[in-house]
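The values are calculated or read from the model by the stated rules, or taken from the named source; none is laboratory data. Treat the numbers as computed from the prediction; the structure is a model and nothing was measured. Positions of Cβ are generated from backbone atoms using ideal geometry, with glycine treated the same way; all protein chains shown enter the neighbour counts. Accessible surface is based on the protein model in full, side chains and every heavy atom, while ligands, DNA and RNA are left aside. Shrake-Rupley method; radii C 1.70, N 1.55, O 1.52, S 1.80 Å.
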Amino acid sequence: DTGDTETSPLQVDRHAVRLVSGGLFRVDVAEALGSPGSCPASPHSAQCEPCLHQMEEAAARYRGEFLAGFALSDCPEFDEWLGTQREALHLSALNRLIRLSDCLERMGEFGTAAPFALRALELEPWNEQVLIRAMRLLIRTGQDTAALAAYDRCTRSLQRELGVQPNPDTSYLAEQILRGGMTQAQSAQPAL
């Protein structure tokens, strides 16, 4: 059977079985890898809503490692392909989350931006640039305790994964929060 693409999403021949995308279904991986594109609106205007909504939907589709737990024995080509796909999906999700948090922060939507920064930090718990963004957003929403908790998790991850301590700028930010010296106004500096 060669698979009728009008009625079947499968295209079958002697050498391969292919999934033919179309109106019958959506492929989350293809959408997750798709570029959010450049924003056609003036920066951070009401016209951003469709773009933000599209990025939010794509970010929600990434739920973790692609084909987690799946392997083929004695097939190094597949392992190489799978590793490349996993890395591409991970980076796409991370970049989309960072972009979402950045756009929302610039629009003054700190409470909406913070969860996206925290999700990015879940993907890379040792990423101090993402940590600083998340901490600043949490401070802007009055969640100093949550900002310090994120710092503690990142510190443990850096030590466990890389055997290092946070850089001095990150530690300084945490110290300022602990001392009550970091106000919401001071945290208004652009996040990294």
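A single member of R133, R86 is within 16 Å of E65 (Cβ to Cβ) and touching an Asp or Glu at 6+ places or on another chain (Cβ under 8 Å), and it is R86. Selection of the range 146-175 for residues being polar (S, T, N, Q) and within 23 Å of the chain's Cα centre (by Cα) yields T155, S157, Q159, N167, T170. Considering L91, L100, L118, the condition of being of a type in the set (A, V, I, L, M, F, W, C), in a helix (DSSP H, G or I), modelled with pLDDT under 95 and open to solvent by 40 Å² or more (accessible area, probe 1.4 Å) is satisfied by L91 alone.
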